[in-house]
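Notes for the one structure printed next.
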Amino acid sequence: MTDKKLVELCQETLESTQQHGANEAEVYGESVRTITVMIEKSDLQISRAQQETTIGVRALVGKRIGFSSTNDLSALDETSRDAVILSKASPADEKNILPTVADIRYVDGIYDPKAESFTIEQAIEYAVQILDLARGIDRRLILGDGMFSVEISERALVNSHGDISHGDVSHGSVLHEKGSLFNYFALATARDGDKVSNMDYQFDASHTVAGIDIEPITRRTCENALGSLGAEKGESFNGTVLLSPNAVQGILAGLILFQTNAKNVLRGMSRWGTQIGEPVAAPILSIVDDGRLPAGLATASFDREGVAHRRFDLIQEGSLIALMHNSYSANAMGKESTGHASGSARSIPGIGPTNFEILAGEATKDELIGDIKQGLLLTRFSGRADPISGDFSGVAKGAYLIKNGKLDRPVTGTLVSGNAFQALKDLSGVSQKRERVFNFTLPYLRLEKISVTAG
Amino acid sequence: MLELLRDIVRGATGWVELRYQARRTKTIAVRNGRLEESSTIRLTGVGVRALVDGVFGFASTTDLSERGIQGAMMQAQNAARVSSSSKREKIKGLADAAFATGTFPVMTDDPLDDHPLEEKLALVLRIDERIRQGAKKIVSSSASYSEIQDEKIIVTSDGAAAHLFDAKPEFRALAVAQIDGDQAMGMDSVGVTGGFADLFIRRTPEQMADKAVKLAVDLLQAPYPAGEKTTVVLNPGLVGVLSHEAIGHTVEADLVRSGAITSDKIGVKVASNLVTLCDSGPSQYQPHAAGELLVDDEGVKTEKTVIIDHGVLRSYLHNRESAAYFGVKPTGNARAFEYSDEPLIRMRNTYIEPGTASMEEMIAGVKSGYFLEGLGGGGQADSNAEFMFGVREAHRIENGKVGELVRGITISGNAFDVLKSVDAVGSDFTWDLGAGRCGKGQWAKVDAGGPHLRCVVTIGGKQE
């Protein structure tokens, strides 16, 4: 381990990449220190302390590109040489480009200096709180898995596209930002004699010590596991299905992200590529992606290529507004990058969301259930959702039969299937209340004409 | 490095395990004629696990000096010590095992490094092109090659001292066909442990490309089936998925102790007499299984573990901690993906033993059902053995004959109910789950397979 600062390592690596023959280059560095306390079988399992610095190098020789990365800081010169060798062996692509980075505005609230002195002992205390809370709720509960962790990170980016000295995040000619994140999740199963419930898991996170709150996720996962205990065979019908935020993520979010990803448009795999400005969902659906969302888990000032994050409309009242771009896809399609270059220092920049939000609707969850004659409530979806065809099919976990506007009974082994493109158009309800599922903030959504098959 | 780790372990108090890992990976991915990725990653570091006062602590470092590794060891010991008062059920000890010592090379006649980057790049470009030219309806093509090469040294304070080399390449071909805005995808993939030639022993990259093209085009015209519970013949890939995803995870001893459905079922009949299900470190029946592991990450020599013997549940999958808890021998299932991961109970190569039936006989005996081949995106299962898998390729069987292709099929059920319904097991054997990775908080390269097999599952389809 060297005592050199991350920004210096990046700058030196940029220079050596150019010396090895790259005429353009980008170096992205990440330094992460983590303390993790793992929970297993309702007990502490293991505590971990980890630290790693990773440097990723993109080298361009002409319009040829290569990428190499390492966590071995004594091998940075070899790594930049490897990137140049890969680049020279590659076919040229006229659309390859590195962005010019400018005017980054600093985003607040993603780094808590108190995280620096956060100890293993403190992390253990929070893990014990999760365990104690679950134990107090019901003796039949088992926390099969759980975690409390703190991650203190630093990232730096430098590229050969001139001087990146604008704005207040930069140090000389590099972009540089610190972050802290406390992650916690709990996975519960309930067991009563021979009856085993479906497992349920819930996750949340906070950038600050003050924002840590393990209670809601622990309660929710315990209640969901208990609720599915004693579930029996359901009914087969074609009709209304109410998705929890977790199930919305499992069935619909992947399709929306895939279809709005410009890389998939270039690949010829997204049918939405030619439907910008057109309706792709019912008018009650609006979606934004906001890389600067206050307290958002994915909030950061700049993306994997150094392009500024911003608030971005994906779908407005059912109409597709725009696609997510990194600088390659933007260049290939004659657009501007939208700041959606994603990935770590270990990988070439891809395209991905930041903080993805389906905007809240007007109905309460009870109102959404209230006018369903026969339907199904899904807490979690375990199955397959094909983002190209839109076909989804899987097991409804933590599912309840809905009869005459009320939750009737928990059911197990029930399959749901349909087509997500059609389901978005037939969407009949969006709840006011939303939950955070990783970096997604999602409401309950009510779908129509879904096939439900009792197992 | 082996000597340095030995010296550090000799000076340590209490039980410690040091694991050095140097990993090199290469990825080449081409899509629609465009090189999307040509990359290498080098990762090097040491992971340290310590057992203090009945609790494990773990730390990892990239500082390979004596001071750096000792610092990590102290961090691991401290992490364990401060956890101890909050741990309810202390670890009473670790089971003794046949520890590995010595060097374990990659078993191949054709090492990956004998094949230059240019050759691998040319292969990927050629196969991508072949897919794109494969049919008029193909609108998107992709081919990719990746490899992981590892050097590991595992030293424990109670006797393991092994120096291991591993190489796991994989190759994928993917085609997307389109007509009138409707799209369908076809793919084929393969992954092995071994060298470059070993990767293509079952089928050539050209055969994989052609298979992906044909499937994508055929699926476009295929109808959707109705949902029903019916008889199916599963190919080795799906037998592997069932063995790994739906059964295998429920017999991982850590999940057993967390309340999996198998938790009081040792000695109990859980499947048809025809079913013998195993998880093996060494490859069985066919060489180069992708999950091949001769020594696990606790330094324990691996072997074949019989999980279900002629229908009766016989064993869980163990690490040293769970083996001590259950009073059995460790099965060599402790695995860590990277130096910064602690070993967890993971599968290796999971399969059902071949039987005596031929595939033709099995199909001929089905009046109405399906012939199902390959995992089609996403396989999931719960600790109560409820599972759901997408199927890549499904043909109807009517009156003992394989008929039309249908699309969008998923199968589901309770895995043990499915195994009880098995009424014929084929005499063939193939590993068929070697591409990709299994996730359990960290990755693992695994494989799974078996013979063709006939059973009853629930088909997810349209409900009118």
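The values are calculated or read from the model by the stated rules, or taken from the named source; none is laboratory data. The structure presented is a predicted model; accordingly, all values stated were derived computationally and were not measured. Don't worry about glycine lacking a Cβ; one is built from the backbone with ideal geometry, like all the others, and counts go over all protein chains shown.
Within the stretch B:417-464, how many residues turn out to be closer than 26 Å to B:Gln286 by Cα and over 19 Å from the mean Cα position of the chain (by Cα)?
12
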Of the candidates B:Pro225, B:Pro236, the one satisfying the condition of being surrounded by fewer than 24 Cβ atoms within 10 Å (Cβ to Cβ) and within 22 Å of B:Ser412 (Cα to Cα) is B:Pro225
Checklist entry - Got at least one residue in the stretch B:374-392 being away from chain A (no Cβ under 12 Å) and either of a type in the set (Asp, Glu) or under 20 Å from B:Gly311 (Cβ atoms) (or both)? => result no
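Test of understanding: among B:Ala209, B:Ala184, which residue is within 30 Å of B:Glu129 (Cβ to Cβ), within 14 Å of another protein chain (Cβ to nearest Cβ) and in contact with a Ser or Thr (Cβ under 9 Å, 6 or more places away or on another chain)?
Result of the check over B:Ala209, B:Ala184: B:Ala184.
Restricting to the stretch B:163-218, and then to whatever is among the small types (Gly, Ala, Ser) and more than 21 Å from the chain's Cα centre (by Cα), can you tell me which residue is surrounded by the fewest Cβ atoms within 10 Å (Cβ to Cβ)?
Pass one, the stretch B:163-218, residues among the small types (Gly, Ala, Ser): B:167, B:173, B:175, B:177, B:181, B:184, B:186, B:189, B:191, B:194-195, B:197, B:209, B:212, B:216.
Still in the list and also more than 21 Å from the chain's Cα centre (by Cα): B:175, B:177, B:181, B:184, B:186, B:209, B:212, B:216.
Details: B:Ala175: 31, B:Ala177: 26, B:Gly181: 8, B:Ala184: 24, B:Gly186: 27, B:Ala209: 26, B:Ala212: 29, B:Ala216: 27.
The qualifying residue surrounded by the fewest Cβ atoms within 10 Å (Cβ to Cβ) is B:Gly181.
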**Message:** Taking the criterion of being within 13 Å of chain B (Cβ to nearest Cβ), over 19 Å from the mean Cα position of the chain (by Cα) and free of Cβ contacts under 8 Å to residues at least 12 places away in the same chain, would at least one residue in the stretch A:234-246 satisfy it?
**Reply:** no
When every residue in the stretch B:433-464 that is within 23 Å of B:Ala173 (Cβ to Cβ), part of a loop (DSSP other than H, G, I, E, B) and at pLDDT below 95 is compared, the one farthest from the other protein chains (Cβ to nearest Cβ) is B:Gly434
Flagged pairs (Cβ under 6 angstrom, 6 or more apart or on separate chains; first in the stretch B:96-121, within 14 Å of chain A (Cβ to nearest Cβ); second of a type in the set (Val, Ile, Thr)) are B:Lys120/B:Ile28; B:Leu121/B:Ile28
Quick check: anything in the stretch B:12-22 facing chain A (nearest Cβ under 10 Å) and either under 29 Å from the mean Cα position of the chain (by Cα) or touching a residue at least 12 places away in the same chain (Cβ under 8 Å) (or both)?
yes
Only unsatisfied item for A:Ser69, checking (1) at the interface with chain B (Cβ under 7 Å from one of its Cβ atoms); (2) over 25 Å from B:Thr44 (Cβ atoms), is (2)
Residue pairs qualifying under the 6 Å Cβ cut-off, at least six apart or on distinct chains, with the first in the stretch A:101-129 being away from every other protein chain (no Cβ under 14 Å) and the second being basic (Lys, Arg), are A:Val107/A:Arg292; A:Tyr111/A:Lys178
| said: Can you confirm whether A:Ala92 is in contact (Cβ under 8 Å) with a residue 24 or more places away in the chain and more than 7 Å from chain B (Cβ to nearest Cβ)? | reply: yes
Scanning the stretch A:101-137 for residues that are under 26 Å from the mean Cα position of the chain (by Cα), of a type in the set (Ser, Thr, Tyr) and assigned to a loop (DSSP other than H, G, I, E, B), the one nearest to A:Ala308 (Cα to Cα) turns out to be A:Tyr106
- Query: Could we say that B:Thr25 is within 30 Å of B:Arg172 (Cβ to Cβ), surrounded by fewer than 19 Cβ atoms within 10 Å (Cβ to Cβ) and modelled with pLDDT of 95 or more here?
  - Reply: yes
The one condition A:Lys4 fails out of (1) within 7 Å of another protein chain (Cβ to nearest Cβ); (2) over 26 Å from B:Leu117 (Cβ atoms) is (1)
Within the stretch A:373-411, the count of residues that are in contact with a helix residue (DSSP H, G or I) (Cβ under 8 Å, 6 or more places away or on another chain), more than 10 Å from every other protein chain (Cβ to nearest Cβ) and not in a strand (DSSP E or B) comes to 3
A:Ser344: passes all of (1) closer than 30 Å to B:Ala222 by Cβ; (2) within 16 Å of the chain's Cα centre (by Cα); (3) among the hydroxyl-bearing types (Ser, Thr, Tyr) but (1)
Considering the stretch B:31-66, residues that are β-branched (Val, Ile, Thr) and within 9 Å of another protein chain (Cβ to nearest Cβ), and then whichever is farthest from A:Thr54 (Cα to Cα), we arrive at B:Val55
From the option list A:Val61, A:Val27, single residue qualifying as under 20 Å from A:Ala345 (Cβ atoms), over 23 Å from the mean Cα position of the chain (by Cα) and more than 9 Å from chain B (Cβ to nearest Cβ) is A:Val27
Within the stretch B:345-393, restricting to residues that are of a type in the set (Val, Ile, Thr) and at pLDDT 95 or above, the one that is surrounded by the fewest Cβ atoms within 10 Å (Cβ to Cβ) is B:Thr356
Within the stretch A:53-68, is even one residue closer than 23 Å to B:Ala76 by Cβ and in contact (Cβ under 8 Å) with a residue 40 or more places away in the chain? yes
Counting only residues in the stretch A:198-230 that are within 12 Å of another protein chain (Cβ to nearest Cβ) and buried (at least 22 other Cβ atoms within 10 Å of the Cβ), the one farthest from A:Ser149 (Cα to Cα) is identified as A:Ser228
In the set B:Leu293, B:Leu274, B:Leu242, the lone residue that is away from chain A (no Cβ under 14 Å) and surrounded by fewer than 24 Cβ atoms within 10 Å (Cβ to Cβ) is B:Leu274
